[in-house]
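Down below is the structure, laid out as C-alpha cells.
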Amino acid sequence: NLDYLLRGGRLSKANAMIANLLKIKPILTYLHKQPIKVVKKERTLAGMLNTILDLVEEQQPKIAFLLTSDALNQEAEAKLQDVFQKRFPDIPLIHYPLCSVLGAHLGPESYIIAYSKV
C-alpha cells in the first residue's frame, strides 16, 4: 500500500486512499539527476511483474547486471529472482538488502529492481 509515501508527504491523503482502495501498485523509475516518474500503475502483482520485465527487456542489450532488493518479503523475492533468471539467463542477478532510508520511504512490502548499463 502507499501509506509510507503518504506519511513521508510524497502523496496526498485522497490519492493514497483511492490507490489503496483500488489496490494500485505504482511502478516508479529514477534515472540519475532526473525526477522520479510513475511509469505505470498496476492492480495485480502479475501485471506489475510483467510491466517490470518488459521495461528490463527494452534495456536488455545495455544491461551489465540486475540488482534486486526487498524489504521483508523474502518468499516473493525468491520468486522474482527465479522469473528474472529464467527470462534473462545471460544477465547476472545480484540480491542486496533494501537500505533503511528507502525502506522508511517505500515501506516493508516494496521492491527495487536496478540495473547498470554497459
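Tabulated results
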read-out	value
Counted residues, the stretch 93-118 - those being charged (D, E, K, R) and farther than 17 Å from residue 32 by Cβ	1
Strands (runs of 3 or more DSSP E) completely within the stretch 8-118 that count 1 or more residues being loosely packed, with under 11 Cβ neighbours inside 10 Å and in contact (Cβ under 8 Å) with a residue 12 or more places away in the chain	37-42, 63-70, 111-117
Condition broken by residue 56, with the remaining ones in (1) aliphatic (A, V, I, L, M); (2) out of contact with any Leu (no Cβ under 8 Å at 6 or more places or on another chain); (3) within 17 Å of residue 27 (Cβ to Cβ) satisfied	(2)
Test: residue in the stretch 32-42 that is modelled with pLDDT of 75 or more and in contact with a helix residue (DSSP H, G or I) (Cβ under 6 Å, 6 or more places away or on another chain)	yes
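Conditions tested, residue by residue: (1) over 19 Å from residue 109 (Cβ atoms); (2) touching a Cys at 6+ places or on another chain (Cβ under 9 Å); (3) not β-branched (Val, Ile, Thr).
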{"residue": "6", "(1), (2), (3)": "no, no, yes"}
{"residue": "9", "(1), (2), (3)": "yes, no, yes"}
{"residue": "18", "(1), (2), (3)": "no, no, no"}
{"residue": "27", "(1), (2), (3)": "no, no, no"}
{"residue": "35", "(1), (2), (3)": "yes, no, yes"}
{"residue": "46", "(1), (2), (3)": "no, no, yes"}
{"residue": "51", "(1), (2), (3)": "no, no, no"}
{"residue": "58", "(1), (2), (3)": "yes, no, yes"}
{"residue": "62", "(1), (2), (3)": "yes, no, yes"}
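The values are calculated or read from the model by the stated rules, or taken from the named source; none is laboratory data. Being a predicted model, the structure only gives us computed values, none of them experimental. Ideal geometry is used to build each Cβ from the backbone, glycine not excepted, and the neighbour counts take in all protein chains shown.
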